[in-house]
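The values are calculated or read from the model by the stated rules, or taken from the named source; none is laboratory data. Treat the numbers as computed from the prediction; the structure is a model and nothing was measured. Cβ placement follows ideal geometry from the backbone for every residue including glycine, while neighbour counts extend to all protein chains displayed. Heads up: the accessible areas ignore ligands, DNA and RNA and are worked out on the full protein's heavy atoms, side chains in. Shrake-Rupley method; radii C 1.70, N 1.55, O 1.52, S 1.80 Å.
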Amino acid sequence: MLHTLSVVWDFDPVWFRIGTFDIRYYGLMWAIAILIAAKFFDNFVRREGMPLAVSESIFLYGTLATILGARLGHCLFYDPAGYLSQPWTIITGFRDGGMASHGAAIGLLIGLWLFSRKNRLPYLWSLDRIMIGVTVGGAIVRLGNLFNSEIFGKATSLPWGFEFVRSAKWVHEYAPAAVHPTQIYEALCYLATFVVVLWMYYGRDLARRRPGSLFGVGLTGIFLTRFFIEFIKTEQESFEVGWTLNMGQWLSIPFILLGCFMIYRAFTRPAIEPAADRKHATAK
């Protein structure tokens, strides 16, 4: 609802309850993101004439690696002392929140390496194709952050500023000022990156002709977005106050550099022609 040139965001983050157990929209968004990514990967496998077992195994390796990486990333990047002193809370405190996109990225890289070895596929083949699901999935998860009224930006007078009335952080630090809905900013940028990598795969056949190009563009689009939007975000942890670059930005830099390198590598090497790439069309 609109109020004095801002949006009063009073969204209940709970989808439904069963007794004292509740299911949140944030968890639902994660599930939708994973299912969409799996559906895309299934389409790639069928389109490229591979056994369906390849598609079935990516769900196991990709999903578990992403979720575990996201959880461990939050615990080790943002509160290592607290979680290492009570390591069981990494698991028992899972429902209290705490997922890091950088940890999810690292976990997925490891999971895809194992997946590629199992299916005897080139690592870049897996990285290029999963990036389509990752970009659209990232946008969906950011909507989950919006539903949770979390990870928003600093105060703004822009007419699309949000008042996150269910957030204790907003109430104590910003009310009655509106703040940047950075969740929406990131979601839109990730969707734009998704459109680009989707066009690269279906429109230009670059996953086959320029291995590593989709992976590079996806990494750069996601983490460059994250790097710049962090400048208008509130700090996630108190130890970040006063930093020139916050934790999210420092963690984004290696991924941006890797993405740029992969783009350079893909487009400075000779393109792979159909006859030369035929041997990759079937997995053993």
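Just the number, please: Stokes-Einstein D of the chain in µm²/s, Kirkwood Rh from C-alpha pairs, 10 °C, 1.306 mPa s.
79
Could you look at the chain and say what percent of its accessible area is carbon and sulfur, using a 1.4 Å probe and all protein chains?
68
So what's Rg/Rh here for region 18-170, counting alpha carbon atoms and using the Kirkwood radius for Rh?
On the Cα set of region 18-170, Rg over Rh gives 1.03.
Mind checking the dipole of the chain: about its Cα centre, +1 per Lys or Arg Cβ, -1 per Asp or Glu Cβ, Debye to the nearest 20?
1340
Only bridges whose two residues both fall in the chain count here: according to DSSP, what percent of them are antiparallel, nearest 5?
The antiparallel fraction comes to roughly 75 percent.
What is the chain's relative contact order, in percent, from Cα pairs under 8 angstrom and six or more apart in sequence?
With pairs under 8 Å counted, the relative contact order is 22 percent.
Whenever you get a sec, line up I222, I263 from highest to lowest accessible area (probe 1.4 Å, protein heavy atoms).
I263, I222
Would you mind working out the magnitude of the charge dipole of region 1-60 relative to its Cα centre, with +1 at each Lys and Arg C-beta and -1 at each Asp and Glu C-beta, to the nearest 20 Debye?
Dipole about the Cα centre, nearest 20: 120 debye.
Looking at I272, M99, V54, which one has the Cα that reaches farthest to the positive end of the dipole of the chain (charges on Cβ: Lys, Arg +1; Asp, Glu -1)?
The residue sitting most towards the positive pole is I272.
With the convex hull built on the Cα atoms of region 209-254, state its orientation-averaged projected area in nm².
If you wrap the Cα atoms of region 209-254 in a convex hull and average its projections, you get 3.4 nm².
What number in nm² do you get for region 127-284 if you take the convex hull of its Cα atoms and divide its surface by four?
Average of the hull's projected areas for region 127-284 equals 11.6 nm².
Can you give me the P(r) profile for region 181-240? Cα pairs, bins 5 angstrom wide beginning at 0, each as a whole percent.
Calculated P(r), rounded to whole percents: 4, 18, 23, 18, 14, 10, 7, 4, 2, 1.
Work out how far the C-alpha atoms of region 86-181 reach from end to end along every principal axis, then list the three figures in whole Å, largest first.
Its Cα atoms span 57, 38, 16 Å along the three principal axes.
Find which of W15, L224, A38 sits farthest along the positive direction of the dipole of the chain, computed with +1 on the beta-carbon of Lys and Arg, -1 on that of Asp and Glu, about the Cα centre.
Of the candidates, A38 comes out farthest on the positive side.
Given W125, S149, F194, which one lies farthest toward the positive end of the charge dipole of region 112-194, if we put +1 on the Cβ of every Lys and Arg and -1 on the Cβ of every Asp and Glu?
Looking along the dipole axis, the top candidate is W125.
How would L72, L245 rank on accessible area, largest to smallest, probe 1.4 Å?
Output order, biggest surface exposure first: L72, L245.
Which value, to two decimals, describes the C-alpha radius of gyration of region 138-208 once divided by 2.2 N^0.38 Å?
Cα-based Rg divided by the globular estimate yields 1.45.
Around R142, what is the net charge, scoring Lys/Arg as +1 and Asp/Glu as -1 over all other residues with Cβ under 11 Å from its Cβ?
Taking every Cβ under 11 Å from that of R142, the sum is -1.
I need the P(r) histogram for region 1-70: all alpha carbon pairs, bin width 10 Å from 0 out to the longest distance, whole percents.
P(r) over region 1-70, rounded to whole percents: 16, 29, 25, 18, 9, 1.
Would you mind working out the accessible area per residue for the chain, using a 1.4 Å probe, and quoting it in Å²?
Averaged over the residues of the chain, the accessible area is 51 Å².
Gap in Å between the Cα centre of region 197-235 and the Cα centre of region 101-127?
Between the Cα centre of region 101-127 and that of region 197-235, the gap is 16 Å.
Could you tell me the number of lysine pairs in the chain with C-alpha atoms less than 19 Å from each other, where the two lysines are 8 or more residues apart or belong to different chains?
5
How long is region 15-56 along each principal axis, judged by its Cα atoms, biggest number first, in Å?
47, 15, 8
Could you give the dipole magnitude of region 71-197 about its Cα centre, charging the beta-carbon of Lys and Arg +1 and that of Asp and Glu -1, in debye to the nearest 20?
Approximately 500 debye in magnitude.
So which helices of the chain fit the span-like rule, where a helix is a whole DSSP H run, its Cα atoms reach 15 Å or more along the axis, and its mean Kyte-Doolittle is at least 1.6?
213-229
Could you work out [θ]222 nm for the chain from helices alone, using -39500 (n - 2.57) per DSSP H run of at least four and dividing by all its residues? Round to the nearest 500 deg cm²/dmol.
The helix contribution divided over the chain gives -20000 deg cm²/dmol.
Quick one: which residues, 5 or more positions from W9 or on another chain, have an amide H under 5 Å from its amide H? H modelled 1.01 Å from N in the peptide plane, none for Pro or chain starts.
Amide H neighbours of W9: E163, F164, V165.
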